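The values are calculated or read from the model by the stated rules, or taken from the named source; none is laboratory data. Remember, predicted model here, so these are calculated numbers, not experimental data. In this analysis, Cβ positions are derived from the backbone assuming ideal geometry, glycine residues included, and neighbour counts consider all displayed protein chains. Accessible surface areas use protein heavy atoms only, side chains included; no ligands, DNA or RNA. Shrake-Rupley method; radii C 1.70, N 1.55, O 1.52, S 1.80 Å.
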Amino acid sequence: MQPFLNELSITENNAGASTGANWLKPKGTSIASYSPANGSLIAHVATATSSDYETVVKAAVQAQKIWQQTPAPKRGEIIRQIGEALRQKKQALGSLVSYEMGKSLQEGLGEVQEMIDICDFAVGLSRQLHGLTMHSERPNHRMYEQWHPLGVVGIISAFNFPVAVWSWNTMLAWACGNACVWKPSEKTPLCAVACQKIVADVFKQNNLPEGLSGLIIGGADIGAKLSADKRIALVSATGSTRMGKAVAQAVAERLGKSLLELGGNNAIIISQHADLNIAIPSIVFGAVGTAGQRCTTTRRLIIHKSQYEELKKRLKKAYTQLKIGNPLDEKNHVGPLIDKDAVKQYEKAITQAKKEGGKILVEGGTLKGKGFESGCYVQPCIIEANRKMKIVQHETLAPILY
């Protein structure tokens, strides 16, 4: 066991459903979480069952009634304490993010810092839930508007930002008086377990009810339940466009509210006036950061003809300087992909690009040998392409730059 797992109270076998400090007795099938960094088994997590789901949502509905009556500045004080707890656990939680998801340690620590920052932001907002006052037709009368909590908020998050995206949604929802139910990616379940334990301690110290922070770890069936549940006032989902369409349809059918943050196929445009000394580092980090597994990853580079050859030369040189390896080693720039399925998608995209006439500028491929035993490490790849190629028009969650 890694030392940071003990600090975060991660054990060999973990429950996957919780109403806060109360962890439900494991009844579902077990998920084995392997580190893409070295292929080692980290721990097991039991998935939530339908009855677990009901228990968590019912607790959230009850907690909502108390939480919405709590003055917003007092809700902000609880969030301030959560921010402090995250500061104390930053190194451990950032290490877990890096180890379980595969992003570099600096990115893992940066993700936890984003959690801390959103706590600070939410604390400020807790004293700024203003409403307008308006004139009335009646003498000596004023009208005013008052914002009320929506109700229970459901959060579906993706593997690539296993803690930050949850916090962005949750801290703001909590500040506004809403209980939350979180369905994290089953590819990074331990990050969710760790977060739940951190916030549960804060709620318990403040004598707050179970249900304010619900956790349900499971597959697509749990996400579908959350989307279709009329008790869930808003569903915020982060992930693929395919998943987002399914969530949007299910929530719309019951006239609920949804907030979707989905895939991307982003481009950087290099004009004839661009400073390449600034552009090159931006392109490289945009394309290979998080091993290309972000919806904001730079996937396409559109270059003015006057800059084309020089930029190509510099970019190829920059790629030779990338250090690929264990993400917990701060000397490395690029860690592994999340799993072997992601590696297959990466290889398939390169093969397709070649079939469509793409020219390889920096060769890709799966890395083998010492340090790469997990089979999840790949070489960031650059392909000369044109916009009519079908593969270029779709997102591949991997470090391929067209």
Point to revise | Residue-span extension gain [Thr351 to Asp201] - 0.36 nm each, minus C-alpha spacing | key: 49.1 nm
Exercise for review: Please work out how much accessible surface Glu12 shows to a 1.4 Å probe, ignoring ligands, DNA and RNA, in Å² rounded to 10.
Suggested key: 120 Å²
Check your understanding: Against the longest principal axis of the chain, how steep is helix 72-88, in degrees 0 to 90 to the nearest 10, with axes from Cα atoms?
Key -> 40 degrees
**Study point:** Cα convex hull of segment 152-193 - mean projected area over all directions, nm²
**Key:** 2.5 nm²
Study note, to complete from the structure: Options [x] 0.99; [y] 1.02; [z] 0.94 are given for Rg/Rh (Cα atoms, Kirkwood Rh), and the computed one is [y]
Review point. Which whole-angstrom value gives the distance between the alpha carbon centres of segment 292-318 and segment 35-95?
Key: 39 Å
**Study point:** Model label zone, Ala32; criterion: amide N under 20 Å from point 7 Å along Cα-to-beta-carbon; scope segment 94-124
**Key:** 99-102
**Study point:** P(r) histogram, all alpha-carbon pairs of segment 178-248 included - 5 Å bins from 0, percent
**Key:** 3, 15, 24, 23, 18, 11, 4, 2, 0
**Study point:** Sequence-separation-based contact order of segment 287-402, relative, with Cα cut under 8 Å and 6+ spacing, percent
**Key:** 32 percent
Check your understanding: Along the charge dipole of the chain, Cβ charges K/R +1 and D/E -1, which of Tyr346, Thr55, Ser30 sits furthest on the positive end?
Key -> Tyr346
Study note, to complete from the structure: Over the chain, the sum of -39500 (n - 2.57) across DSSP H runs of at least four, divided by residue number and rounded to 500 deg cm²/dmol, gives at 222 nm -13500 deg cm²/dmol
Point to revise | Inverse mean reciprocal Cα-Cα distance (Kirkwood Rh) of segment 97-200, Å | key: 15.7 Å
Exercise for review: Please tell me the relative contact order of the chain in percent, rounded to the nearest whole number, where contacts are Cα pairs under 8 Å and at least six residues apart.
Suggested key: 17 percent
Exercise for review: Express in nm, to one decimal, how much length is gained between Asn140 and His304 on full extension, taking 0.36 nm for each residue of separation and deducting their alpha carbon distance.
Suggested key: 52.5 nm
Point to revise | Partners for Lys323 among lysines (Cα-Cα distance below 17 Å; same-chain residues under 8 apart left out) | key: Lys103, Lys331, Lys368, Lys370
**Study point:** Debye, to nearest 20: dipole size of the chain, +1 on Lys, Arg Cβ, -1 on Asp, Glu Cβ
**Key:** 840 debye
Check your understanding: What list of ³J(HN,Hα) couplings, whole Hz, do you get for segment 348-364 from phi and the Karplus terms 6.51, -1.76, 1.60, once you set θ to phi - 60° and write x for glycine and proline?
Key -> 5, 5, 5, 4, 5, 4, 5, 4, 7, x, x, 9, 7, 9, 10, 5, x
**Study point:** Among beta bridges that DSSP assigns inside the chain, antiparallel share in %, nearest 5
**Key:** 35 percent
Check your understanding: In degrees, nearest 10, range 0 to 90: what is the angle between the Cα axis of helix 164-175 and the longest Cα principal axis of the chain?
Key -> 20 degrees
Exercise for review: Residues in segment 1-17, backbone N under 13 Å from the label point at Ser40 (7 Å along the Cα-to-beta-carbon vector): list them, ranges by number please.
Suggested key: 1-6
Check your understanding: How big is D, in µm² s⁻¹, for segment 300-346 by Stokes-Einstein at 20 °C and 1.002 mPa s if Rh is the Kirkwood radius over C-alpha pairs?
Key -> 163 µm²/s
Exercise for review: With all distinct Cα pairs included, what does the Kirkwood hydrodynamic radius of segment 351-402 come out to in Å, to one decimal, could you say?
Suggested key: 11.9 Å
Review point. Where does helix 189-205 land angle-wise versus the long Cα axis of the chain, in degrees 0 to 90, nearest 10?
Key: 30 degrees
Review point. For segment 204-358, what is the convex hull volume of the alpha-carbon atoms per residue, in Å³?
Key: 216 Å³
Exercise for review: Would you mind working out the magnitude of the charge dipole of segment 281-402 relative to its Cα centre, with +1 at each Lys and Arg C-beta and -1 at each Asp and Glu C-beta, to the nearest 20 Debye?
Suggested key: 460 debye
Review point. Taking N as the number of residues in segment 1-158, what value does Rg over Cα atoms divided by 2.2 N^0.38 Å take?
Key: 1.38
Check your understanding: What number, in percent, do you get for the relative contact order of segment 345-402 if the mean sequence gap of Cα pairs under 8 Å and at least 6 apart is divided by its residue count?
Key -> 38 percent
Review point. Considering the dipole of segment 1-143 built from charges on the beta carbon (Lys and Arg +1, Asp and Glu -1) around the Cα centre, which of Ala46, Leu125, Gly16 is farthest to its positive end?
Key: Leu125
Review point. How much net charge surrounds Pro73 when only the other residues with a Cβ under 12 Å from the Cβ of Pro73 are counted, with Lys and Arg +1 and Asp and Glu -1?
Key: +3
